[in-house]
Amino acid sequence: MSLLSVDGITLQYRTGKHSFTAAYRVSFSVKDGDRFIILGPSGCGKSSILKAIGGYLKPVEGKILLNGKHIDSPGPDRVFVFQEFDQLLPWKTVRDNIVFALTASHKFARREAEQRAATFIEKVDLTKFAGSYPHTLSGGMKQRVAIARAMAMGPEILLMDEPFAALDALTRAKMQDELLQLCVESNFTVLFVTHSIPEAIRLGTRILLLSPQPGRVKAEVESEGADPARIHEMLFDGDMKGGNMHV
Amino acid sequence: MFESGAFRKVVLLGLLAAVWEGYGRWLANPLLFPTFSNTVIALISSIASGQLLRAVSFTITLLLKGYVAGLILAGLLTAFASATRIGADFLEILTAMFNPLPSIALLPIALIWFGLGDNSVIFVLIHAVLWAVALNTYAGFRAVSSTLRMVGQNYGLSTVGYITRILVPAAFPSILTGLKVGWAFAWRTLIAAELVFGVSSGSGGLGWYIFENKNQLLIPNVFAGLLTVILLGLIVENVIFKTIENATVRRWGMQM
């Protein structure tokens, strides 16, 4: 049985009289232990799909089931890692950001939360910075804290919305390796949104390809041995105008 | 030593005191302009007699009453504005109308409504505090980034927990600005109210102390009163609020 099943969801934004369809009848399912990548160019609604799974956006049709249960609001069983650096609470230190997440969500008692926070800070190699406030950290370090925080919460599924997109290329490559290692180590189920084909192939076990405006499923491929040029072709039907794709 | 800002300022203050002393001596008319040394003597003897401290504690007590009442009302108004659209419109209209109105202008009408005494002063103090705090707090809440909001919702907090543990700290830089502006308005308003109208005659605050000493032509005492007003203002703004700021927004790297 699949952990997460997304069944024909359509997502729309309304502004006054106009409505904009971000994703149209998208279906896929994620199994336990998958690193499932949603890949597509800007404007294909991939972030909206992730928000819907997070419970922040209600589909106008279709349904989303996590372990067979309907998703209708945000909750600590699906933890988000965002692209933005301001996702850490600036008034809490690195350690307290994680401890707060664990205790506020009632997942762990205070003492256990502190131990867990220390373990995961260690995993992302930030022990020296556990007492630092986020504004003193670099962008890459902030994202590592966010990942540590999300993993420490022990969610059913990690939802990552282009967490490395705002990083420089070197840091990004390093972070990809680190994330991969952490996921393999602890067998996390991850749903990862990106517009970068190499990132998708590098990180994912399976890749869902979306076409833009509105987002529709083009294909689903195994990332093992996938060919970037072939994926690019599939995304754009051989039409090489897809200018904003990173190959 | 000249590199230290504090040192330079102390030197300047010393110079100012010297100029004051010199002018006072040259003028030799203590009724118009007492010397610095006479003012300091008056200040010390007023403190020693307990007269000045009584006036200060009276003024501060009154100020705190008005300030706290203003904060509570501002909290309610902001909650209303954040919860409903009509509340937001309401807050916008009220602040647009009343923010430009100096509180002291309301004192005559407050005297008619509430009579001579504390209640009238508290009324104008509330007016001084309310709009600045409500406006800044509301703006602060609205400026909380959608990412932080989503992070907060992700933890499955209750509504109250979400407000007190995510929204309030996230908006704290704006809230603190509101508190500071509100305090500055209230302080100036209160001294003016006591001074010009002698509202709290008999009970006697700091403004009243200045007013009364002027009537008795005890001009060094008047200057001592003014000095006290300045000192208290400096302490609140540069010690109390500064400490809060250093312990919070500065430490968090959130200062605006």
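Read-outs throughout are calculated quantities, based only on the coordinates presented, and are distinct from any laboratory measurement. As the structure is a prediction and not an experimental result, all values here were calculated from the model. Cβ placement follows ideal geometry from the backbone for every residue including glycine, while neighbour counts extend to all protein chains displayed.
Quick rundown of the values:
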{"item": "Selection count where residues are more than 15 Å from B:L157 (Cβ to Cβ), within 17 Å of the chain's Cα centre (by Cα) and in contact (Cβ under 8 Å) with a residue 24 or more places away in the chain, scope the range A:79-118", "result": "7"}
{"item": "Count of residues meeting criterion [closer than 19 Å to A:I197 by Cβ and within 13 Å of the chain's Cα centre (by Cα)] in the range A:2-60", "result": "10"}
{"item": "Members of the range A:74-106 that are facing another protein chain (nearest Cβ under 8 Å) and polar (S, T, N, Q)", "result": "A:Q87, A:S105"}
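This table checks each residue for (1) within 14 Å of chain A (Cβ to nearest Cβ); (2) without any contact (Cβ under 8 Å) to a residue 60 or more places away in the chain.
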| position | (1), (2) |
| --- | --- |
| B:W113 | no, yes |
| B:A134 | no, no |
| B:S158 | yes, yes |
| B:P169 | yes, yes |
| B:L179 | no, no |
